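Scroll down for the structure; my scribbles are underneath it.
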Amino acid sequence: MSFNYIMEMPSVREILERIPLSEELKKIKGKRDSEITAVLKRESEKFLVIIGPCSADNEDAVCEYVSRLARLQDEVKEKIILIPRIYTNKPRTTGEGYKGMAHQPKPTEEPNMVKGLKAIRKMHIRAMKESHLTAADEMLYPGNYPYLEDILSYVAVGARSVENQLHRLTISGLDVPSGMKNPTGGDIEVMLNSVQAAQMPHVFVYNGWEVKTTGNPLTHCILRGAVDPYGSNIPNYHYEDLMRLAEIYKKRNLLYPAIIVDTNHANSNKKFHEQPRIAKEVMRSRQDSKTLRNKVKGLMIESYLMEGSQKISENIYGKSITDPCLGWEDSERLVMDLAEYI
């Protein structure tokens, strides 16, 4: 056989019993979930900012970053809800490179998925305990979601996964807001098909069980830019792009139509320092249109303690080992500026 079965993964019950979430943190999560959900349901005028490193590669650095976010959250709490990006799985276009802490708890060591699963749960809980902020993570592997189900307040499905049937069906069983990114080719209809599928109930096989879901009405769109057949990046965050998506949304008659704009990736042409400019343009577009004020509910920003990126061998604390990110000072200034637009 081509598969070498290394180790059987521990059950969800086993992991949750070994690394439990306290009653205090469960209450914090419940309150945060309600606040975030209220924004998407248009019951709150606050704005969502999903912000943090491209990939969570070091527990101490991630927790320090999230604790700084907590202090910043206190300053903008009347206008903005900060959701830390604690992304523990990293999709790789060619399959090469660091795949996230779920694969490698320590980037310099060999992959170990069992240790990785325990490490990501431990890190998420520590970050929540120290900051009282609940986080977002990307659903790269649908089967792993139950290991973090009691922790996450937001789930994103990436551009390479959004057309996958199991991702769509799994999101239909979540009770937290879930964003579907447009695929790398930029097809808006594909993204909306994914949102529509996830808002519907389904029966399917999941982690060895036949399951039935109720549908997730909080599923929505994330615009992350596109890549044309020649490899050039095409942004889709401009006023015209947002209005076009808002008009197409109308034809679908979906629940709680909402748009999140990813300020990095193809939207920034992978130039991380362009994120503040892009974020502010989106905010000005919201100011110029009642339609967009109702539809554009948040931004996704890549940010870490140190700006830019590094090779794993450089081992600079708080600096991304995947996509380059804004540094802390620029991130803090950006969040404060965004609050002025709301």
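The values are calculated or read from the model by the stated rules, or taken from the named source; none is laboratory data. Not measured: the values here are computed from a predicted model. With ideal geometry, Cβ positions are generated from the backbone for all residues, glycine too; neighbour counts draw on all protein chains shown.
Hey, could you check region 76-94 for residues that are among the β-branched types (Val, Ile, Thr) and within 21 Å of His124 (Cα to Cα) and say which is surrounded by the fewest Cβ atoms within 10 Å (Cβ to Cβ)? Outline the logic, then answer.
So in region 76-94, the residues among the β-branched types (Val, Ile, Thr) come out as 76, 80-81, 83, 86, 88, 93-94.
From the residues that got through so far, the ones that are within 21 Å of His124 (Cα to Cα) too are 81, 83, 86, 88.
Details: Ile81: 21, Ile83: 25, Ile86: 29, Thr88: 27.
Here the answer is Ile81.
What are the residue pairs meeting all of these: first residue in region 287-307, first residue modelled with pLDDT of 95 or more, second residue of a type in the set (Ser, Thr, Tyr) and crowded, with 16+ Cβ neighbours inside 10 Å, Cβ atoms under 6 Å, and 6 or more apart or on different chains?
Pairs found: Leu292/Ser285; Leu299/Thr263; Ile301/Thr263; Ser303/Ser331; Tyr304/Ser320; Leu305/Tyr65.
Check off (1) within 22 Å of Gly208 (Cβ to Cβ); (2) more than 18 Å from the chain's Cα centre (by Cα) for Val155 and give me the number that stays unchecked.
Checking Val155 against (1) within 22 Å of Gly208 (Cβ to Cβ); (2) more than 18 Å from the chain's Cα centre (by Cα), the one that fails is (2).
Can you find even one residue in region 107-117 that is surrounded by 20 or more Cβ atoms within 10 Å (Cβ to Cβ), out of contact with any Cys (no Cβ under 8 Å at 6 or more places or on another chain) and free of Cβ contacts under 8 Å to residues at least 60 places away in the same chain? Walk me through it before giving the result.
Within region 107-117, the first condition is being surrounded by 20 or more Cβ atoms within 10 Å (Cβ to Cβ), and the residues that meet it are 116-117.
After this cut, where a residue has to be out of contact with any Cys (no Cβ under 8 Å at 6 or more places or on another chain) as well, the list is 116-117.
Adding the requirement that they be free of Cβ contacts under 8 Å to residues at least 60 places away in the same chain leaves 116.
The answer is yes, given that some residue of region 107-117 is surrounded by 20 or more Cβ atoms within 10 Å (Cβ to Cβ), out of contact with any Cys (no Cβ under 8 Å at 6 or more places or on another chain) and free of Cβ contacts under 8 Å to residues at least 60 places away in the same chain.
Restricting attention to region 246-282, report how many residues are in a helix (DSSP H, G or I) and crowded, with 21+ Cβ neighbours inside 10 Å.
To start, the set of residues in region 246-282 that are in a helix (DSSP H, G or I) comprises 246-252, 265-268, 272-282.
Imposing the further condition that a residue be crowded, with 21+ Cβ neighbours inside 10 Å reduces the set to 265-268, 272, 275, 278-279, 282.
Number satisfying all stated conditions: 9.
Assess whether Pro183 counts as being in a helix (DSSP H, G or I) and within 17 Å of the chain's Cα centre (by Cα).
Numbers: in a helix (DSSP H, G or I): no; within 17 Å of the chain's Cα centre (by Cα): yes.
For Pro183, the condition - in a helix (DSSP H, G or I) and within 17 Å of the chain's Cα centre (by Cα) - is not met.
If Ile342 satisfies every condition in (1) crowded, with 21+ Cβ neighbours inside 10 Å; (2) modelled with pLDDT under 95; (3) aliphatic (A, V, I, L, M) but one, which is the exception?
Going through (1) crowded, with 21+ Cβ neighbours inside 10 Å; (2) modelled with pLDDT under 95; (3) aliphatic (A, V, I, L, M) one by one, Ile342 breaks only (1).
Within region 159-180, work out how many residues are within 25 Å of Trp209 (Cβ to Cβ) and in a loop (DSSP other than H, G, I, E, B).
Residues that pass the stated criteria total 10.
For (1) touching a residue at least 40 places away in the same chain (Cβ under 8 Å); (2) among the β-branched types (Val, Ile, Thr); (3) under 14 Å from Tyr154 (Cβ atoms); (4) in contact with a helix residue (DSSP H, G or I) (Cβ under 8 Å, 6 or more places away or on another chain), each residue gets a yes or a no:
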site: Ser11; (1), (2), (3), (4): no, no, no, no
site: Pro20; (1), (2), (3), (4): no, no, no, no
site: Glu23; (1), (2), (3), (4): no, no, no, no
site: Val39; (1), (2), (3), (4): yes, yes, yes, no
site: Arg68; (1), (2), (3), (4): yes, no, no, yes
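If you take just the strands (runs of 3 or more DSSP E) that sit entirely in region 47-156, which of them hold at least 1 residues that are within 30 Å of Arg293 (Cβ to Cβ) and of a type in the set (D, E, K, R)?
Working: elements: 47-52, 80-84, 136-138.
Ranges flagged: 136-138.
Going residue by residue through region 208-221, is there one that turns out to be out of contact with any Leu (no Cβ under 8 Å at 6 or more places or on another chain), at pLDDT below 95 and assigned to a loop (DSSP other than H, G, I, E, B)?
The answer is yes, given that some residue of region 208-221 is out of contact with any Leu (no Cβ under 8 Å at 6 or more places or on another chain), at pLDDT below 95 and assigned to a loop (DSSP other than H, G, I, E, B).
Based on this model, can you work out whether Tyr304 counts as among the aromatic types (Phe, Trp, Tyr) and closer than 23 Å to Met191 by Cβ?
Details: among the aromatic types (Phe, Trp, Tyr): yes; closer than 23 Å to Met191 by Cβ: no.
Here the answer is no, as Tyr304 does not meet what is asked.
Report yes if Ser194 is of a type in the set (S, T, N, Q), farther than 24 Å from Leu152 by Cβ and at pLDDT 95 or above, otherwise no. Please lay out each step first, then the result.
Numbers: of a type in the set (S, T, N, Q): yes; farther than 24 Å from Leu152 by Cβ: no; at pLDDT 95 or above: yes.
Considered against the rule, which asks whether it is of a type in the set (S, T, N, Q), farther than 24 Å from Leu152 by Cβ and at pLDDT 95 or above, Ser194 comes out as no.
State which residue is farthest from His220 (Cα to Cα) when the search covers only region 48-71 and only residues that are out of contact with any Phe, Trp or Tyr (no Cβ under 9 Å at 6 or more places or on another chain) and surrounded by 20 or more Cβ atoms within 10 Å (Cβ to Cβ).
Cys63
Between a residue in region 195-216 that is at negative phi and of a type in the set (D, E, K, R) and any residue that is in a strand (DSSP E or B) and surrounded by fewer than 12 Cβ atoms within 10 Å (Cβ to Cβ), which pairs come within a Cβ distance under 8 Å, given they are 6 or more apart or on different chains?
Glu210/Val203; Lys212/Val203
As an exercise: evaluate Lys311 against (1) crowded, with 16+ Cβ neighbours inside 10 Å; (2) among the charged types (D, E, K, R); (3) free of Cβ contacts under 8 Å to residues at least 24 places away in the same chain and give the number of the one condition it does not meet.
Just one mismatch for Lys311, condition (1).
In region 168-221, which residues are surrounded by fewer than 24 Cβ atoms within 10 Å (Cβ to Cβ) and β-branched (Val, Ile, Thr)?
The answer is Val176, Thr184, Ile188, Val190, Val203, Val205, Val211, Thr213, Thr214.
How many residues does region 233-248 contain that are over 14 Å from Glu274 (Cβ atoms) and in contact (Cβ under 8 Å) with a residue 24 or more places away in the chain?
Of region 233-248, the ones over 14 Å from Glu274 (Cβ atoms) are 234, 236, 239-248.
Filter once more, keeping what is in contact (Cβ under 8 Å) with a residue 24 or more places away in the chain: 234, 236, 239, 242-246, 248.
Residues in region 233-248 being over 14 Å from Glu274 (Cβ atoms) and in contact (Cβ under 8 Å) with a residue 24 or more places away in the chain: 9 in total.
Of all residues in region 75-98 being touching a helix residue (DSSP H, G or I) at 6+ places or on another chain (Cβ under 6 Å) and not β-branched (Val, Ile, Thr), which is nearest to Ala159 (Cα to Cα)?
The residue in question is Pro84.
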